[in-house]
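The values are calculated or read from the model by the stated rules, or taken from the named source; none is laboratory data. Keep in mind that this is a model prediction, so the values were computed, not measured. Cβ placement follows ideal geometry from the backbone for every residue including glycine, while neighbour counts extend to all protein chains displayed. For accessibility, only protein heavy atoms count, side chains too; no ligands or nucleic acids. Shrake-Rupley method; radii C 1.70, N 1.55, O 1.52, S 1.80 Å.
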Amino acid sequence: MTSSLTTDVTRESPSPPRFLAGEKVAKPDEGATLAQSEIKISVRDFDFFYGTAKVLHGISLEIPARKVTALIGPSGCGKSTFIRSINRMNDIITDARGKGTILIDGQDVYGSNTDVVELRRRVGMVFQKSNPFPKSIYDNVAYGLRIGGMRNKRQLDDIIERSLTRAALWHEVKDRLHASALALSGGQQQRLCIARALAVDPEILLMDEPASALDPIATSKIEELIYELKDNYTIVIVTHNMQQAARVSDRTAFFMLGRVVEYAETNTIFMNPKEKMTEDYVTGRFG
Amino acid sequence: MTANLRRRKVYSGLFEALCALAVIVALIPLAMILFYVVKEGFGALNVDFFTHMPKPVGESGGGMANAIAGTFILICIAAAFAVPVGCLCGIHLSEYPGTKFSSIVRFSADVLNGVPSIVVGIFAYGILVLPVKRFSAIAGGVALGLLMIPIVVRTTEELLRLVPGGLREGALALGATRGRAVFSVIVPAALPGILTGILVALARVAGETAPLLFTAFNNRFWSTSLTQPIASLTVQVFTYAISPYDDWHRQAWAGAFLLVMMILALSILARLAVRRLERMNRS
């Protein structure tokens, strides 16, 4: 766990953030299909129910590894329900159940031999409302490591520094690691939650509207961060903000009434959508 | 229009006045109790009261040292019994709120809360005194504990429910098991409130007399044995207050004063603990 993180941290970003440079280059054939080897999460005919209400209808998606995939769509379209199905966060809701398959690296998330605790360690999550524990900054980031059984102080210190650095928070908090996390600003709290998720070295990072409660400056920091992180993590992000989806993501899925209307390379969705409904939504005609 | 507005203002003023009156009516007895207890009790308090044993009938002077120690022991037993049971029960109720079992437990806690304390005393008498044919500190402590349990259960449950759901999700999303999430994140977040609940419950049972009458009974001698009858402030106050001796009446007032002060101190302590913990949680 530690060694892989070490290499992750030291590795340089191959190119400057695209959305910062202002250019948007994409290979025209990239969006059409994904090579089998690139697929990290594969969803097939996934339905989801709250009690008797069916909220997801036959979702089928292939999410590529080490790319940012955005889920957009109007409120109540099932984006959040879907993203929370990937790490089985919906399990804690009574009467909620999923049907169909979600495979991560070919392994069925809802399979009988899948341990949900291990699954969630591999699939980190950042929530809409930042939710730091009422503990110190240090203890927040250490939480996932400690439940994994790590006790070595030096090892913990190391990973905590690296995780906070990756989340672009280290310089702001390094002198007050043992102060309460609740004293941080909203944007800092959200980056702390990202650091906390990164500390356990997940393969996938799910972000459920991570910037919707933040001001523009904090938002742009989170977006830069997402861009940096995709070299090492597969990121799925739910967003209400279409500009944000356009800025940070490689592929975009447009959800509507519990169905995926269109899923393609982000440029295609925003510049040249196949479906009329997608075009109406991304151009702001409804939603 | 203006007539209507005037009428509404009159009604509003009327109800505000009624509310204020109700507050005063509620506060008068409290103020009077405090006034009398302080007036009669403070003067009767002296060093002997804390350090001396009761004198035999007919001799004046002496104190309630045994009863002070006894009350302390009794509430310790009660807390040792009720805090773990009550807290775990409250955790269960907040974690599994919808199950049939939970609603039964919740209803039972409410019923237990309403059971007259003398009945709880009879129950403890039946299961802990009758079989061994001896009054004991244990029996008294358990009776007090039984009275504490429902209060601790319900405050624990309610305070755990106030913890934002996001914290639980955050912990689970990091790979915490359900139990781990509860004990490492949710319970600590609610701890200040739970502690207050426990202290309030302690304050409540520390003032109980009825359940001790036939469980802990009373003891005119120094005893710290858990299996022997033990003195308590409340029972001692009761015994002295119904006696025909002026000196005992004086001591009863002193005992009452001490009880009130103890309960006040517990309440203040509860407040301070909350403030301290909240500050720790915040900054």
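Residues of the stretch B:172-193 that are touching a residue at least 12 places away in the same chain (Cβ under 8 Å) and at the interface with chain A (Cβ under 7 Å from one of its Cβ atoms): B:V185, B:A189. I'd like to know if the stretch B:257-270 contains one or more residues that are of a type in the set (F, W, Y) and open to solvent by 40 Å² or more (accessible area, probe 1.4 Å). Checked the stretch B:257-270: no residue is of a type in the set (F, W, Y) and open to solvent by 40 Å² or more (accessible area, probe 1.4 Å).
For the stretch B:198-220, the count of residues that are open to solvent by less than 80 Å² (accessible area, probe 1.4 Å), under 15 Å from B:A143 (Cα atoms), of a type in the set (S, T, Y) and more than 14 Å from chain A (Cβ to nearest Cβ) is at least one. For the stretch B:147-171, how many residues meet the condition of being under 30 Å from the mean Cα position of the chain (by Cα) and either facing chain A (nearest Cβ under 7 Å) or outside any helix (DSSP H, G or I) (or both)? The number of residues fulfilling the criteria is 2. In this structure, is A:F286 farther than 16 Å from A:A211 by Cβ, in a loop (DSSP other than H, G, I, E, B), open to solvent by 40 Å² or more (accessible area, probe 1.4 Å) and not basic (K, R)? Considered against the rule, which asks whether it is farther than 16 Å from A:A211 by Cβ, in a loop (DSSP other than H, G, I, E, B), open to solvent by 40 Å² or more (accessible area, probe 1.4 Å) and not basic (K, R), A:F286 comes out as yes. Just checking, how many residues over the stretch A:99-129 are among the small types (G, A, S) and modelled with pLDDT of 90 or more? Count: 2. Here is a check on your reading of the model: is B:L88 closer than 30 Å to B:S108 by Cα, touching a Ser or Thr at 6+ places or on another chain (Cβ under 6 Å), hydrophobic (A, V, I, L, M, F, W, C) and in a helix (DSSP H, G or I)? For B:L88, the condition - closer than 30 Å to B:S108 by Cα, touching a Ser or Thr at 6+ places or on another chain (Cβ under 6 Å), hydrophobic (A, V, I, L, M, F, W, C) and in a helix (DSSP H, G or I) - is not met.
In contact with a helix residue (DSSP H, G or I) (Cβ under 8 Å, 6 or more places away or on another chain) and either farther than 30 Å from B:H52 by Cα or at pLDDT 95 or above (or both), is that true of B:A82? It is true that B:A82 is in contact with a helix residue (DSSP H, G or I) (Cβ under 8 Å, 6 or more places away or on another chain) and either farther than 30 Å from B:H52 by Cα or at pLDDT 95 or above (or both). Given the conditions (1) of a type in the set (A, V, I, L, M); (2) surrounded by fewer than 20 Cβ atoms within 10 Å (Cβ to Cβ); (3) farther than 19 Å from A:G78 by Cα, and given that A:L257 satisfies all but one, which numbered condition is not satisfied? Exception for A:L257: condition (3). Pairs meeting the criteria (first residue in the stretch B:217-240 and on the phi > 0 side of the Ramachandran plot and modelled with pLDDT under 90, second residue among the polar types (S, T, N, Q) and assigned to a loop (DSSP other than H, G, I, E, B), beta carbons under 9 Å, at least 6 apart or on different chains) are B:F217/B:S136.
Identify, please: which residue in the stretch A:67-99 is touching an Asp or Glu at 6+ places or on another chain (Cβ under 8 Å) and farther than 16 Å from A:Y263 by Cβ and is, among those, farthest from the other protein chains (Cβ to nearest Cβ)? Among residues in the stretch A:67-99 that are touching an Asp or Glu at 6+ places or on another chain (Cβ under 8 Å) and farther than 16 Å from A:Y263 by Cβ, the one farthest from the other protein chains (Cβ to nearest Cβ) is A:K99.
Results for (1) assigned to a helix (DSSP H, G or I); (2) of a type in the set (K, R); (3) within 14 Å of chain B (Cβ to nearest Cβ); (4) on the phi > 0 side of the Ramachandran plot, shown as yes or no for each residue.
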position: A:E118; (1), (2), (3), (4): yes, no, yes, no
position: A:Y138; (1), (2), (3), (4): yes, no, no, no
position: A:R146; (1), (2), (3), (4): yes, yes, yes, no
position: A:R151; (1), (2), (3), (4): no, yes, no, no
position: A:R154; (1), (2), (3), (4): yes, yes, no, no
position: A:E161; (1), (2), (3), (4): yes, no, no, no
position: A:R176; (1), (2), (3), (4): no, yes, yes, no
position: A:A195; (1), (2), (3), (4): yes, no, yes, no
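Output the number of residues of the stretch A:125-136 satisfying the condition of being more than 7 Å from chain B (Cβ to nearest Cβ) and open to solvent by less than 40 Å² (accessible area, probe 1.4 Å). Looking only at that region, the number is 4. Cβ separations smaller than 7 Å between residues 6+ apart or across chains give no pair from the stretch B:119-140 residues that are free of Cβ contacts under 8 Å to residues at least 12 places away in the same chain to residues that are part of a helix (DSSP H, G or I). The test for being loosely packed, with under 12 Cβ neighbours inside 10 Å and within 18 Å of B:V205 (Cβ to Cβ) does not hold for B:V132. Between A:S220, A:S185, A:S249, the distinction of being under 15 Å from the mean Cα position of the chain (by Cα), of a type in the set (S, T, N, Q) and away from chain B (no Cβ under 13 Å) belongs to A:S249 only. Out of A:T219, A:T252, A:T268, which single residue is open to solvent by less than 60 Å² (accessible area, probe 1.4 Å), within 21 Å of A:K129 (Cβ to Cβ) and out of contact with any His (no Cβ under 8 Å at 6 or more places or on another chain)? Testing whether each residue is open to solvent by less than 60 Å² (accessible area, probe 1.4 Å), within 21 Å of A:K129 (Cβ to Cβ) and out of contact with any His (no Cβ under 8 Å at 6 or more places or on another chain) leaves just A:T219. Would you call B:R250 surrounded by fewer than 21 Cβ atoms within 10 Å (Cβ to Cβ), more than 16 Å from B:L88 (Cα to Cα), away from chain A (no Cβ under 14 Å) and touching a strand residue (DSSP E or B) at 6+ places or on another chain (Cβ under 6 Å)? No; evaluated as a whole, the condition is false for this residue. When each of B:I77, B:I104 is tested for being without any contact (Cβ under 8 Å) to a residue 40 or more places away in the chain, under 30 Å from B:V182 (Cα atoms), open to solvent by 20 Å² or more (accessible area, probe 1.4 Å) and not acidic (D, E), the lone residue that passes is B:I104.
The residues of the stretch A:82-104 that are part of a helix (DSSP H, G or I), of a type in the set (S, T, N, Q) and touching a residue at least 40 places away in the same chain (Cβ under 8 Å) amount to a single one, A:N90. Restricting B:M32, B:M1 to residues that are of a type in the set (A, V, I, L, M), at pLDDT 90 or above and over 30 Å from B:S223 (Cβ atoms) narrows the list to B:M32.
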